[in-house]
Amino acid sequence: MDLDKLATEQRNKATMELDTLSTIEILQLMNEEDKSVPISVSKELPQIEKVVEAVKHSFSQGGHLIYVGAGTSGRLGILDAAECVPTFSADPSMVQGLIAGGISAMTVAVEGAEDSISLAEEDLKNIHLTDKDTVMGIAASGRTPYVIGALDYAKKVGATTASLACNKQAEISKHADINIEVVVGPEVLTGSTRLKSGSAQKLVLNMISTASMIGIGKVYKNLMVDVKPTNDKLVERAKSIIMQATDCDYEKAEHYFHEADKNVKLAIVMILTNLSKEEAKQKLNDSKGFIRKVINA
């Protein structure tokens with residue numbers, strides 16, 4: 001599909017006089033346009049659900065979720081992957097982000113990298129992609145060669161493939177087992193897909209990673225019980241989570257936090273079941289990490 005025919009490249013009729021507006025008028029207009037993004041995402045929930053189920057299946061086999069993109073799309077994938085580590089105590093390899101041009105492209109555009117089909121294959125080979133993994137190609141335009149190359153190689157390996165675009169009948173959709181097409185319409189600033197398209201992609205990636213982690217037992221009620229307490233703020237959050245999950249006071253939460261070697265999930269199970277650390281650890285292992293299964297048993 002020609003670039004000028006894509007919805008993401010069209011001029012927005014509501015913003016034709018953008019350069020004549022006052023600051024507050026620009027902000028109001030951007031805010032109004034942004035309101036449509038969650039509505040556009042909601043139309044793709046059935047497809048997003050399919051991706052989540054595929055990712056959960058990958059995780060259950062010891063596989064990984066690999067985001068692949070260029071420019072803003074690649075950066076958003078890396079951001080979501082990075083945030084899974086402290087939020088869910090996920091191993092850094094569990095959710096990974098690849099960007100055309102390598103990690104330096106996070107801050108400086110690497111000329112021509114996104115136009116290479118073979119570069120993505122090299123990048124996926126370097127992380128030892130297997131048929132247990134799910135590869136998600138992200139491209140607002142839906143036509144990025146780097147992403148297409150990644151999806152095609154992933155299919156050869158036998159990995160599950162998914163795509164996320166912001167145009168209908170996107171080219172990358174033809175190369176994926178599951179496709180998500182969130183159409184947000186023309187951008188406030190013509191062609192600047194870091195705006196509405198980027199917001200839509202961030203929302204979808206939030207859904208995929210969060211729902212997948214919930215699905216493998218990394219959440220109890222609505223608490224991030226697998227949080228990784230790597231700094232003072234997260235240590236205090238960990239203790240607060242223990243208090244909220246067990247209705248205990250701060251002193252008890254602090255005691256069990258240290259007794260469980262700073263493992264929030266383990267501390268919660270110890271308090272709720274009155275089991276020793278080793279017994280609670282075994283119960284958690286038997287329930288594959290689901291606190292609720294331990295409690296119900």
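Averaging over all projection directions, find the projected area of the Cα convex hull of the stretch 112-168 and quote it in nm² with one decimal place. Intermediate results must be reported in sequence, preceding the final value.
On the way: hull surface 14.4 nm².
For the stretch 112-168, the mean projected area of the Cα convex hull comes to 3.6 nm².
Going by alpha carbons, how many degrees (0 to 90, nearest 10) lie between the helix axis of 117-126 and the longest principal axis of the chain? Relative to the chain, helix 117-126 is tipped by roughly 10 degrees.
Rounded to whole numbers, the Karplus 3J(HN,Hα) couplings from phi for the stretch 70-78 are 10, x, 4, 4, x, 5, 5, x, 5 Hz, using 6.51 cos²θ - 1.76 cosθ + 1.60 with θ = phi - 60°, and x at Gly and Pro. Report summary: the helix-based calculation at 222 nm, which adds -39500 (n - 2.57) for every DSSP H run with n ≥ 4 and divides by the residues of the chain, gives -15500 deg cm²/dmol. Lys-Lys pairs in the stretch 71-221 that are eight or more residues apart or on separate chains and whose Cα atoms lie under 23 Å of each other come to 14. The length gained on full extension between K50 and K168, counted as 0.36 nm times the residue separation minus their Cα-Cα distance, comes to 40.7 nm.
Where both residues lie in the chain, what percent of DSSP beta bridges are antiparallel, nearest 5? Could the numbers behind the result be given before it?
Details: 1 of 21 bridges.
The antiparallel fraction comes to roughly 5 percent.
Taking label points 7 Å from Cα along the Cα-to-Cβ direction, I117 and V85 give a separation of 3.4 nm.
Coordinate-derived values only; no laboratory data. These numbers were taken from a predicted model, which means no experiment stands behind them. So basically every Cβ, Gly included, is an ideal-geometry build from the backbone, and we count neighbours across all protein chains shown.
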